[in-house]
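The values are calculated or read from the model by the stated rules, or taken from the named source; none is laboratory data. Values in this document were obtained by computation on a predicted structure and should not be read as measured data. Note that we place each Cβ from the backbone using ideal geometry, even for glycine, and neighbour counts take in every protein chain shown. Keep in mind that these areas ignore ligands, DNA and RNA; they rest on the heavy atoms of the full protein, side chains included. Shrake-Rupley method; radii C 1.70, N 1.55, O 1.52, S 1.80 Å.
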Amino acid sequence: QVQLVESGGGLVQAGGSLRLSCAASGRIYSGNDMGWYRQAPGKQRELVAWITTGGRTNLADSVKGRFTISRDNAKNTVYLQMNSLKPEDTAVYYCNRVGVSPRYGYWGQGTQVTVSS
């Protein structure tokens, strides 16, 4: 079974924090680099943070110093800790393996993050 379940989004004021979680099925999680993507209204989906199977992390410049990605292999779960949130972080956040097709790949429902100014 292929499954991705994102959670933890919400409405927060600028400067606040949120922690997103993503429970993935083994078919997606095992042996794959995993990432968090986001899509703002009218914009393309972008990869903002990713973590390798070995635990090495990478962040897009727009979130560097504010977001942290981690993974728990025992739970097939990926996390995104978001601090110092800005209004421009407002988007639907999705997790998935790195390299999946934005158009043809399987995606979960995402979780909405809204940052008010």
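For segment 78-101, the set of residues classified as of a type in the set (S, T, Y) and in contact (Cβ under 8 Å) with a residue 24 or more places away in the chain consists of Y79, S84, T90, Y93, Y94, listed by residue number. Number of residues in segment 1-32 that are under 14 Å from K86 (Cα atoms) and surrounded by fewer than 16 Cβ atoms within 10 Å (Cβ to Cβ) equals 7.
The set of residues in segment 35-71 being among the β-branched types (V, I, T) and under 18 Å from V113 (Cβ atoms) consists of V48, V63, T68, I69. Considering segment 37-61, and only residues there that are without any contact (Cβ under 8 Å) to a residue 24 or more places away in the chain, of a type in the set (S, T, N, Q) and in a loop (DSSP other than H, G, I, E, B), the residue that is least open to solvent (accessible area, probe 1.4 Å) turns out to be T52. Here K75 meets each of (1) closer than 20 Å to G10 by Cα; (2) surrounded by fewer than 16 Cβ atoms within 10 Å (Cβ to Cβ); (3) of a type in the set (D, E, K, R) with one exception, condition (1). Applying the condition of being open to solvent by less than 10 Å² (accessible area, probe 1.4 Å) and not β-branched (V, I, T) to segment 78-97 and asking which residue is nearest to G15 (Cα to Cα) yields L85.
Based on what the data block shows, is V2 assigned to a loop (DSSP other than H, G, I, E, B), touching a helix residue (DSSP H, G or I) at 6+ places or on another chain (Cβ under 6 Å) and of a type outside the set (D, E, K, R)? Break it down into steps so the answer makes sense when it comes.
Numbers: assigned to a loop (DSSP other than H, G, I, E, B): yes; touching a helix residue (DSSP H, G or I) at 6+ places or on another chain (Cβ under 6 Å): yes; of a type outside the set (D, E, K, R): yes.
When the stated conditions are applied, V2 passes them.
The set of residues in segment 98-113 being open to solvent by 50 Å² or more (accessible area, probe 1.4 Å) and over 10 Å from S7 (Cα atoms) consists of V98, G99, P102, R103, Y104, Y106.
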